[in-house]
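Some notes on the structure that comes next.
The values are calculated or read from the model by the stated rules, or taken from the named source; none is laboratory data. Quantities reported herein were computed from a predicted structural model and do not represent experimental measurements. Using ideal geometry, Cβ is built from the backbone for each residue, glycine included, and neighbour counts are taken over all protein chains shown.
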Amino acid sequence: MSSTTLPADRQLLAYARFTEELKAKLRPLITEDLIEEHRRKPLGQHSDVLMRLLNLFRRAPAYALYSRVPCREFQVIRLPVPEGSDPEPVDGTVYHDQNEALHAVFLRNLEDLMRAGDK
């Protein structure tokens, strides 16, 4: 059987294993300096480790920003948002700075990543 005819569930299994191995390799690389690097500049040039971490978070996003007042007020929401419903903020915090809000999303993703490693 060629690799192009593998059942989708085997491909998903391989992808899930790869993702778990990647998470396991990235967890020990998370430091206070890395978190501070993201806080200082959530958009832009990043170190290799931070870039790999952000790419992981982008592949299967768990959180995003929602702006009820476009470009002025931001809240962190959990993804996916059920079809036909409004996004629900994960807490009552409203950010007026986009960079601060992006860092809040980053911290939520980090928290989930580290919690998954404790299991």
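Observations
- Being within 28 Å of residue 22 (Cα to Cα) and in contact with a Pro (Cβ under 6 Å, 6 or more places away or on another chain) is a description that does not apply to residue 35.
- Residues of region 86-112 classified as surrounded by 17 or more Cβ atoms within 10 Å (Cβ to Cβ) and out of contact with any strand residue (DSSP E or B) (no Cβ under 8 Å at 6 or more places or on another chain), total: 3
- Selection over region 55-86 of residues that are in contact (Cβ under 8 Å) with a residue 24 or more places away in the chain and assigned to a helix (DSSP H, G or I) gives a count of 3.
- Failed item, numbered, when residue 69 is tested on (1) closer than 20 Å to residue 110 by Cβ; (2) out of contact with any Ser or Thr (no Cβ under 7 Å at 6 or more places or on another chain); (3) of a type in the set (A, V, I, L, M, F, W, C): (1)
- The one condition from (1) farther than 18 Å from residue 118 by Cβ; (2) of a type outside the set (A, V, I, L, M, F, W, C); (3) part of a helix (DSSP H, G or I) that residue 21 does not meet is (1).
- For region 26-35, the criterion of being of a type in the set (Lys, Arg), surrounded by 10 or more Cβ atoms within 10 Å (Cβ to Cβ) and modelled with pLDDT under 95 is satisfied by no residue at all.
- Residues located in region 36-85, provided they are surrounded by 12 or more Cβ atoms within 10 Å (Cβ to Cβ), among the β-branched types (Val, Ile, Thr) and over 21 Å from residue 114 (Cα atoms): 81
- Among (1) closer than 19 Å to residue 110 by Cα; (2) part of a loop (DSSP other than H, G, I, E, B); (3) of a type in the set (Gly, Ala, Ser) - the single one residue 16 does not satisfy: (2)
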